[in-house]
Amino acid sequence: MTLEWVRPSVLRKLGILGMNGRNVDYIGRYNDRRLYPLVDDKLQTKKMALQYEIKTPDLLGYIAFQSEVKKIEEFIPEGEGFVIKPAQGSGGKGILVILSHENGKFVKPSGEVLDLAELRRHVSNTLSGLYSLGGRDDVAVFEKLIEFDNAFDGFSYEGVPDVRVIIYRGFPVLAMMRLSTSTSDGKANLHQGAVGAGIHIGTGKAINAVQFDRPITHHPDTDKDLRTLEVPHWDEILEIAARAYDMTGLGYLGADVVLDKKRGPMLLELNARPGLAIQIANNTGMLQRFEAIDKVANKPWDYKKRIAYSLEQFGGE
Amino acid sequence: MRSKYQIYLIAAGLVILALSIMFYKIEFLGYSLSPETKRSLYEVEAKVSFEGTGKGAFVSLALPPDQDGFIRVNEDAASSDFGFVIANRHGTRRAEWSRREVTGKQTLYYTEEILPDPNYRAEKQPEPVINPAYEKLELGDLSGKVVEQLIREARTHSYDDVTFAAYLVKKFSNKTDQTISLIFHKYVKNDQDLQRAFAVILAKADIPFNMIEALKLGATKRVNRLIPMFEVYDARKKRWQLFDLHKGQIDRPADLYFWNRGPDAVLITENVKRPRVSFAVTETLVPARTATLKAQKAQESIWNGFSLFSLPIDSQNNFKRLLLVPIGALVVVLLRLFVGLKTSGTFMPVLLAMAFAETQLIPGIVMFLVVVGIGLLFRSYLAHLNLLLVARISAVLILVVGIMVYVAILSYRLGIQESVTITFFPMIILAWTIERMSIIWEEDGPREVLKQGGGSLIVAILAYFAMTAPMVGYLTYNFPETLLIILAIIIVAGRYSGYRLSELYRFASFAKRIDR
Ligand SMILES: Nc1ncnc2c1ncn2[C@@H]1O[C@H](COP(=O)(O)OP(=O)(O)O)[C@@H](O)[C@H]1O
Ligand SMILES: [Mg+2]
């Protein structure tokens with residue numbers, strides 16, 4: 001592997017957003033700290049989404065105290081898969097996906113089997129803040145397992161793919177489908193080894209795919225040609241994402257949307273510090289798009305108008 | 001972008017403030033921007049040990065007189081439940097401890113800090129007369145005749161007191177002389193006796209003199225005996241002339257510290273068994289400036305400015321270390337924002353760097369790797385035990401402590417000194433690091449562990465170099481206002497929105513692909 005370098009001036013010319021730029025110029029400027037709990041706490045996000053009538057995966061319940069850990073069975077749905085996650089987790093940390101269970105044996109996407117004691121320990125760790133931002137005490141959230149849409153058969157290995165849409169001041173900017181791999185263990189977080197496929201804002205079709213920041217053409221586990229990926233219900237996904245801005249007021253936002261076989265697109269979670277790899281997956285920098293949006297961002301448009309503007313600006317070939 | 005200018009304004013304000021304070025200190029308080037020469041500061045400790053006899057015990061220890069060339073900056077006597085006074089006997093200061101009914105082993109301490117200063121002159125010299133206490137001195141049953149004969153002989157071979165004494169010493173060094181060999185055979189077993197022999201003769205000859213017990217300063221060491229010497233008043237030069245018991249007349253070496261200068265023994269006791277006094281000398285190098293201030297304080301105790309130097313020396317050392325923390329933080333900020341290194345825990349590398357500063361770099365790194373490595377193995381085993389988080393981390397913590405103790409003992413056996421200082425490792429932080437690393441390993445794979453672990457180590461090493469650079473230590477300590485400058489840098493760096501070095505690599509192939 002040779003070390004390759006690029007001059008900062010080239011990155012600037014291409015409009016590529018860097019980490020410091022993101023933190024100072026966008027997160028720092030458009031994301032009010034006081035609003036963070038709305039997105040950093042998945043329970044709050046869910047509650048809010050309910051008010052705004054945005055669909056989210058069904059909440060089975062949550063555990064907030066160690067003393068309740070023994071009651072864990074109450075939240076496990078009969079004969080169905082489920083997910084346990086820390087309410088304040090991020091980056092896929094502490095997410096336990098259980099596909100199915102029988103007689104106290106719980107099967108993970110990788111095929112690994114856990115028993116009830118291990119489940120309890122996971123919950124207890126979650127409560128102690130092991131997986132949470134800054135290690136503070138947390139709540140373990142139980143969610144119904146999403147059964148992902150058939151459209152993604154072969155594109156995702158052992159896990160639910162999600163669509164990440166970057167929303168800048170209410171306008172969709174870039175989108176990316178995140179597909180799990182054997183490395184990412186049923187979770188669709190890029191730095192854990194998931195594949196990111198850039199999705200065209202106008203068409204919902206794949207543009208380019210990356211794993212660990214490097215371009216790939218085929219899924220590493222299923223060998224499916226990633227360029228044939230096409231996301232169904234694309235308009236609805238853009239709507240959910242754009243409305244997340246109205247819901248939270250955060251100017252630089254990453255909305256994670258999942259597609260359930262039966263219920264269609266649902267808001268999985270929101271992120272106030274979305275990553276930068278989405279640019280690589282889309283073969284484009286985001287700064288020029290931000291500028292296009294800055295020109296009209298002060299207009300009192302509703303989400304429909306904003307989406308229309310994005311489609312007009314970024315939706316062409 | 002108004003706030004951006006505000007930031008620059010604040011930063012500029014901080015820098016200007018810091019520079020003005022520095023300027024003031026250099027211009028008016030005599031500070032210097034570069035480290036000055038170091039001076040030795042000696043801590044001398046006299047330790048008196050004895051056993052009680054069940055009766056009231058009394059211990060009297062001669063104390064160093066005010067003398068040329070040495071400034072006493074501090075003195076302290078530890079006298080656990082003994083009555084303690086500083087008394088004056090025959091013109092000599094003495095530390096005197098007493099207590100009723102003393103049993104068992106006892107130890108008393110007297111410590112002082114002294115600063116050699118060739119220009120220092122004692123406030124007053126001993127009177128050029130013979131102390132009456134000397135006249136009672138005797139050397140066994142040595143007859144007055146022999147003494148008188150020696151005096152007569154010396155008189156004829158000398159023309160004043162100094163040459164008299166010089167002749168005497170020379171005479172005593174000739175062991176083939178019959179009288180002398182007899183004296184040695186009967187009365188002189190050691191240097192103390194020899195000193196006493198000279199004293200008896202000089203007293204009889206009415207020559208103003210003093211018995212001296214001196215301590216050779218120099219590198220840190222423990223000494224059990226003082227060097228007996230004497231001095232004779234040189235009436236012509238109006239000063240005291242020092243004599244070595246064997247070499248005769250000598251110039252006083254700069255590192256010779258008089259502990260006792262007078263007729264009484266160094267240690268005088270009543271009702272105690274096995275009295276012993278031993279001395280320990282510790283040399284520390286202090287910046288000349290600190291030394292000067294200390295000396296000033298001891299001499300006049302008026303200079304007491306708002307300065308770190310006015311603190312006791314051990315808290316000064318703590319402050320020294322404290323003032324380096326912002327330097328470490330600066331390194332972390334720069335490496336994260338401009339280079340883009342990932343670390344596990346924001347300031348964990350700073351703590352690590354501080355530990356390295358105590359243990360030395362290489363032993364520190366080895367220790368870190370060993371502890372974290374074994375810790376990760378142990379942690380992966382603990383995972384099966386199904387423990388609650390607090391218990392698990394505590395278990396890892398105990399393991400960490402265990403490893404440290406073990407390695408310390410092991411390497412002490414192997415004769416490696418550094419490892420004994422490993423206790424400076426931030427153990428709780430290490431335990432947490434192990435816990436987090438093992439989570440990262442599980443969740444994100446070994447690749448991420450390597451990235452964050454390696455990143456932390458690199459940052460810690462660089463922070464170590466920054467924090468241990470002598471110039472950095474000197475500046476932060478003498479000019480704590482440099483902290484304001486660091487604050488300014490950090491504030492400005494916090495608004496840096498350009499690319500990180502790591503991004504020039506991360507986005508390289510991508511940028512080349514789309515740059516057509
Ligand atoms: N209810 C669910 N059913 C199936 N998979 C899920 C569910 N919730 C989360 N996941 C998987 O875990 C990943 C991370 O979950 P998410 O809620 O986004 O947490 P994080 O904030 O850690 O990214 C998702 O991308 C998805 O692959
Ligand atoms: Mg997510």
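The values are calculated or read from the model by the stated rules, or taken from the named source; none is laboratory data. Quick caveat, the model's predicted, so the values are computed rather than measured. We place every Cβ from the backbone using ideal geometry, glycine too, and count neighbours over all the protein chains shown.
Details
- Residue within the stretch A:231-238 that is surrounded by fewer than 20 Cβ atoms within 10 Å (Cβ to Cβ) and in a loop (DSSP other than H, G, I, E, B) present: yes
- Of all the criteria given as (1) of a type in the set (A, V, I, L, M, F, W, C); (2) within 14 Å of chain B (Cβ to nearest Cβ); (3) within 13 Å of ligand 2 (Cβ to nearest atom), the one not satisfied by A:Ala140 is (3).
- Selection within the stretch A:137-169 - in contact with a helix residue (DSSP H, G or I) (Cβ under 8 Å, 6 or more places away or on another chain) and closer than 24 Å to A:Arg120 by Cβ: A:Asp137, A:Asp138, A:Val139, A:Ala140, A:Val141, A:Phe142
- Sub-7 Å Cβ pairs linking a first residue in the stretch B:105-122 that is touching a residue at least 40 places away in the same chain (Cβ under 8 Å) to a second residue that is among the charged types (D, E, K, R) and not in a strand (DSSP E or B), at least 6 apart or interchain, are B:Leu115/B:Lys294; B:Tyr120/B:Asp68; B:Arg121/B:Asp68; B:Ala122/B:Asp66; B:Ala122/B:Asp68, ordered by first then second residue.
- Residues (within 23 Å of A:Lys46 (Cβ to Cβ), more than 9 Å from ligand 1 (Cβ to nearest atom) and more than 15 Å from the chain's Cα centre (by Cα)) located in the stretch A:79-95: A:Glu80, A:Ile84
- The residue that is farthest from the other protein chains (Cβ to nearest Cβ), counting only those in the stretch B:495-516 that are crowded, with 16+ Cβ neighbours inside 10 Å and within 28 Å of B:Ile327 (Cα to Cα), is B:Ser502.
- Qualifying residue in the stretch B:121-141 (condition: in a strand (DSSP E or B), hydrophobic (A, V, I, L, M, F, W, C) and not assigned by TED's automatic domain parsing to the domain that holds B:Lys247): no
- Considering (1) over 19 Å from A:Val141 (Cα atoms); (2) at pLDDT below 90; (3) part of a helix (DSSP H, G or I), the lone condition that A:Leu3 does not fulfil carries the number (3).
- Applying the set (1) within 14 Å of another protein chain (Cβ to nearest Cβ); (2) crowded, with 19+ Cβ neighbours inside 10 Å; (3) out of contact with any His (no Cβ under 8 Å at 6 or more places or on another chain) to B:Val492 leaves exactly one unmet item: (2).
- Residues within the stretch B:368-390 that are in a helix (DSSP H, G or I), among the hydrophobic types (A, V, I, L, M, F, W, C) and at the interface with chain A (Cβ under 10 Å from one of its Cβ atoms), tallied: 4
- Of the residues A:Leu179, A:Leu250, the single one that is within 16 Å of ligand 2 (Cβ to nearest atom), crowded, with 20+ Cβ neighbours inside 10 Å and more than 30 Å from A:Pro300 (Cα to Cα) is A:Leu179.
This table checks each residue for (1) within 15 Å of ligand 2 (Cβ to nearest atom); (2) of a type in the set (Ser, Thr, Tyr); (3) surrounded by fewer than 21 Cβ atoms within 10 Å (Cβ to Cβ).
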| position | (1), (2), (3) |
| --- | --- |
| A:Asp32 | no, no, yes |
| A:Asp40 | yes, no, yes |
| A:Gln44 | no, no, yes |
| A:Tyr52 | no, yes, yes |
| A:Lys55 | no, no, yes |
| A:Leu60 | no, no, yes |
| A:Glu80 | no, no, yes |
| A:Lys93 | yes, no, no |
| A:Leu99 | no, no, yes |
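- Qualifying positions in the stretch A:253-273 - surrounded by fewer than 22 Cβ atoms within 10 Å (Cβ to Cβ), part of a loop (DSSP other than H, G, I, E, B) and either within 13 Å of ligand 2 (Cβ to nearest atom) or at pLDDT 95 or above (or both): A:Arg273
- Qualifying residue in the stretch B:355-363 (condition: away from chain A (no Cβ under 14 Å), more than 30 Å from B:Tyr496 (Cβ to Cβ), modelled with pLDDT under 90 and not in a helix (DSSP H, G or I)): yes
- Filter pass, A:Leu130 being within 26 Å of A:Lys46 (Cβ to Cβ), within 11 Å of another protein chain (Cβ to nearest Cβ) and within 14 Å of ligand 1 (Cβ to nearest atom): yes
- Residues of the stretch A:48-87 classified as within 21 Å of B:Leu389 (Cα to Cα) and of a type in the set (Phe, Trp, Tyr), total: 2
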